[in-house]
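Have a look at the structure below before the remarks.
The values are calculated or read from the model by the stated rules, or taken from the named source; none is laboratory data. Bear in mind the structure is a predicted one, so any value in this text is a computation, not a measurement. Backbone-built Cβ (ideal geometry, glycine too); neighbour counts: all protein chains shown. Heads up: the accessible areas ignore ligands, DNA and RNA and are worked out on the full protein's heavy atoms, side chains in. Shrake-Rupley method; radii C 1.70, N 1.55, O 1.52, S 1.80 Å.
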Amino acid sequence: MSHIVTIATELRDIEAIISACQRLGLKAPREGRTKLYEGEVEGVIVELPDWLYPVVCKLLTGELLYDNYGGEWGHQKELDRFIQAYAVEKAAMEARKQGYSVFEEVLQDGSVQLRIQGGDA
């Protein structure tokens, strides 16, 4: 039986953030303080390609703090790719923890399809 699932993503897992950065070939994320346009923030710092300021993941709340000035200081597609990579990594990690096999396929439109199967499937 097949099910389609839509996931609302909150970035709370440092291991999945690290894996998402590795998947995309980004610098390793780091914890600390950094400057955004309107002040300093603290959290897990992720540097996206061609972004003026980094993205900061607040693990306790799952929220992302960033300033790309409506796309002028960083393309939204880079943030979307990072969030997608995080969601794929987190879903696969959780499925494997529960003993499931995970099969991934990148579709033509850039979306990712995960097939998660139990041992008897």
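Placing a pseudo-label 7 Å from each Cα along the Cα-to-Cβ vector at Glu38 and Tyr69 gives an inter-label distance of 1.5 nm. Within the shell of other residues whose beta carbon sits under 10 angstrom from the beta carbon of Leu64, the net charge comes to -1, with Lys and Arg scored +1 and Asp and Glu -1.
Taking one equal scatterer on every alpha-carbon of region 67-111, how large is log10 of I(q)/I(0) by Debye at q = 0.21, 0.23, 0.27, 0.29 1/Å? Treating every Cα as an identical point scatterer, log10 I(q)/I(0) equals -0.77, -0.83, -0.96, -1.02.
Taken along its principal axes, the alpha carbon cloud of the chain reaches lengths of 53, 30, 23 Å, longest axis first. Quick one: pull the percent of accessible area on the chain belonging to carbon and sulfur, 1.4 Å probe, ligands and nucleic acids left out. Summing carbon and sulfur atoms, their accessible area is 48 percent of the total for the chain. Taking every alpha-carbon pair under 8 Å whose residues sit at least 6 apart, region 10-121 reaches a relative contact order of 20 percent.
For the residues Phe103, Phe82, a 1.4 Å probe over the protein chains yields an accessible-area ranking, largest first, of Phe103, Phe82. Probing with 1.4 Å while keeping every protein chain in the model, the per residue accessible area of the chain equals 67 Å². Do you know the Lys pair count in the chain for C-alpha distances under 22 Å, with sequence separation 8 or more or different chains? Lysine pairs satisfying the spacing and distance rule in the chain number 9.
Please work out whether region 10-55 counts as rounded, prolate or oblate from its C-alpha gyration tensor, where a ≥ b ≥ c are the square roots of the eigenvalues and a/c under 1.5 means rounded, while otherwise a/b larger than b/c means prolate and anything else oblate? It is oblate, given that a/c is not under 1.5 and a/b is not larger than b/c.
A cut-off under 12 angstrom between Cβ atoms defines the neighbours of Asp13, and their net charge, with Lys, Arg +1 and Asp, Glu -1, is -1.
Of the whole protein surface, Lys90 contributes about 50 Å² of accessible area at a 1.4 Å probe radius. For the chain, a simple Cβ point-charge model (Lys and Arg +1, Asp and Glu -1, everything else neutral) yields a dipole of about 300 debye relative to the Cα centre. Placing unit charges on the Cβ atoms of the charged side chains and taking the dipole of the chain about its Cα centre, the candidate lying farthest along the positive direction among Leu59, Val102, Ile17 is Val102.
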